[in-house]
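Comments concern the structure below.
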Amino acid sequence: MHRSAPRLSRILACAAVPVMLVAAGCSSDSGSDSKKNAGSSSSGTPSAKPSEPTVEAARFDDLPDPCGAIAKKTIKDLVPEAKKENGTAGRSNDLAARSSCSWNGLDDKGVDGSQYRWLDVGFTRFDSDQSLGSGAKRATAEYTKQVAKAKAAEGAEKVAAEPTTGVGEEATTVTYGLSKTGEDFVYATVVARTGNVVVTLTYNGAGYAGAKTPSSASIVKGAQKATKEAVAAVADTADTKATPPPAGGSDDAKKDAKKDTAKGSGSDSDSPKSKAKPNTKTS
């Protein structure tokens with residue numbers, strides 16, 4: 001009995017060893033899996049926030065000289081005997097963003113009375129802005145605003161508006177009558193958008209001292225013709241900037257360029273962009 005007891009103790013001790021090893025192995029595997037899971041979760045990259053779409057670039061970055069945007073021949077036809085053939089520029093803090101010019105004149109017909117005409121053209125340009133939208137979108141909003149403003153002219157009678165084709169990307173002609181200074185005036189306002197620029201042109205006229213009141217058709221025709229020229233001037237200004245003269249060239253070409261510069265130096269002072277304070281617009 002004394003010998004069998006130690007032997008039984010050894011058997012029980014040996015039997016316990018595999019159980020401990022299995023337990024240790026399970027414990028070791030469990031720890032390994034937890035580390036793997038922890039590593040996989042920590043190495044995962046967070047989902048990136050979607051970037052905002054880039055706003056479309058503005059088509060035009062400058063405006064034409066407003067007083068040179070309409071051909072002199074057109075001005076002569078629409079405003080006979082204009083007080084200032086070169087027009088009167090409106091005030092602006094930034095001529096690359098907003099500018100205007102106007103002409104007015106009284107064509108005295110003697111005993112047949114006199115014909116008065118007034119023409120005004122305005123340009124408004126919008127830059128693209130990430131928070132405000134593209135220049136074209138902002139110009140579209142301004143276009144709608146100007147059409148509504150023309151239709152709501154104070155004292156206007158028989159107001160009518162209709163889409164106008166062939167003038168920019170979109171255009172509307174607003175017509176109405178207005179009585180002032182004891183005469184009946186006929187008005188036509190054409191609002192057009194080309195890219196990120198809005199052109200607003202108003203043309204009106206009246207007959208004085210017994211002269212006939214101009215027809216609405218003639219006023220509309222003149223307004224639309226002048227607006228087409230103003231819209232074309234916007235594109236011409238962009239094309240001129242996009243294709244500057246070559247930097248190099250022969251000596252003869254350089255001499256010719258100097259001559260051209262000298263000839264044009266006198267006309268720069270007449271441009272509204274060269275004046276710090278252009279004359280105020282008259283009506």
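Results, tabulated for the structure shown:
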{"quantity": "Sole residue being of a type in the set (A, V, I, L, M, F, W, C) and closer than 14 Å to Ala230 by Cα, chosen from Ala89, Ala69", "calculated": "Ala69"}
{"quantity": "Members of the stretch 71-88 that are touching a Cys at 6+ places or on another chain (Cβ under 8 Å) and within 21 Å of Tyr187 (Cα to Cα)", "calculated": "Gly87, Thr88"}
{"quantity": "Lone unmet requirement of (1) modelled with pLDDT under 90; (2) farther than 18 Å from Arg59 by Cβ for Ser216", "calculated": "(1)"}
{"quantity": "Any hit, the stretch 35-57, residues being outside any strand (DSSP E or B), modelled with pLDDT of 55 or more, under 30 Å from Ala209 (Cβ atoms) and touching a strand residue (DSSP E or B) at 6+ places or on another chain (Cβ under 9 Å)", "calculated": "no"}
{"quantity": "Residue satisfying all of: in the stretch 96-105; within 17 Å of Tyr187 (Cα to Cα) and in contact (Cβ under 8 Å) with a residue 40 or more places away in the chain; surrounded by the most Cβ atoms within 10 Å (Cβ to Cβ) among these", "calculated": "Ser102"}
{"quantity": "All positions within the stretch 106-149 that are in a helix (DSSP H, G or I), free of Cβ contacts under 8 Å to residues at least 60 places away in the same chain and among the acidic types (Asp, Glu)", "calculated": "Glu142"}
{"quantity": "Yes/no for Ala211 being closer than 16 Å to Ile75 by Cα and open to solvent by less than 20 Å² (accessible area, probe 1.4 Å)", "calculated": "no"}
{"quantity": "Hey, Gly68 surrounded by fewer than 21 Cβ atoms within 10 Å (Cβ to Cβ) and touching a strand residue (DSSP E or B) at 6+ places or on another chain (Cβ under 8 Å) or not", "calculated": "no"}
{"quantity": "Test: residue in the stretch 171-192 that is within 21 Å of Arg98 (Cβ to Cβ) and over 26 Å from the mean Cα position of the chain (by Cα)", "calculated": "no"}
{"quantity": "For Asn93: the one exception among (1) polar (S, T, N, Q); (2) open to solvent by less than 30 Å² (accessible area, probe 1.4 Å); (3) assigned to a loop (DSSP other than H, G, I, E, B)", "calculated": "(2)"}
{"quantity": "The one condition in (1) open to solvent by less than 30 Å² (accessible area, probe 1.4 Å); (2) aliphatic (A, V, I, L, M); (3) within 22 Å of the chain's Cα centre (by Cα) that Ala232 fails to fulfil", "calculated": "(1)"}
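A quick yes/no check of all residues on (1) more than 15 Å from Phe123 (Cα to Cα); (2) modelled with pLDDT under 95; (3) crowded, with 17+ Cβ neighbours inside 10 Å:
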| position | (1), (2), (3) |
| --- | --- |
| Val167 | no, no, yes |
| Tyr176 | yes, no, yes |
| Gly182 | yes, yes, no |
| Ala188 | yes, no, yes |
| Ala192 | no, no, yes |
| Thr200 | no, no, yes |
| Gly205 | yes, no, yes |
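The values are calculated or read from the model by the stated rules, or taken from the named source; none is laboratory data. Keep in mind it's a predicted model, so treat the numbers as computed, not measured. Cβ atoms come from the backbone with ideal geometry, glycine included; neighbour counts cover every protein chain shown. Side chains included, ligands, DNA and RNA excluded: accessible areas come from the protein's heavy atoms. Shrake-Rupley method; radii C 1.70, N 1.55, O 1.52, S 1.80 Å.
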